[in-house]
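Asker: For reference, the structure I am asking about is given below.
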Amino acid sequence: MKPASIFAVAAISLSAAQTASADVWAERQALAAIASEITALERLVHDASEMAEADTRVEFNYDFLMRDLETIRAGIATHLSQPMNPVMPAGGEGLAGAYSKGNK
């Protein structure tokens, strides 16, 4: 393989890894924003539960909703707390790394 080809392959691999890394961080940022919105939503649910009339024919189960919101937020927190592995491009062979020729 010519040196120019090796550099082209390396540049493409690095670009793909950077794009994947940027996507991972964008996803993490979006998930953190969702968790924050769930916290705000919980306040609204609490306020709505305070306004609910107890003697209505059909009652909304605010406790179930709050548990579901907590479950979702906990799932997001668990995902965000997991250590991130280095992003590696999918497929392809690794570099050999041994560029010196030894005597046989």
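Asker: Looking at region 55-71, which of the residues that are closer than 12 Å to LEU41 by Cα and among the hydrophobic types (A, V, I, L, M, F, W, C) is nearest to the chain's Cα centre (by Cα)?
Answerer: If we take residues in region 55-71 being closer than 12 Å to LEU41 by Cα and among the hydrophobic types (A, V, I, L, M, F, W, C), then LEU69 is nearest to the chain's Cα centre (by Cα).
Asker: I would also like to ask the following. Condition first: of a type outside the set (A, V, I, L, M), more than 32 Å from the chain's Cα centre (by Cα) and at pLDDT 90 or above. Can you find one or more residues in region 35-43 that meet it?
Answerer: No, that holds for no residue.
The values are calculated or read from the model by the stated rules, or taken from the named source; none is laboratory data. Remember, predicted model here, so these are calculated numbers, not experimental data.
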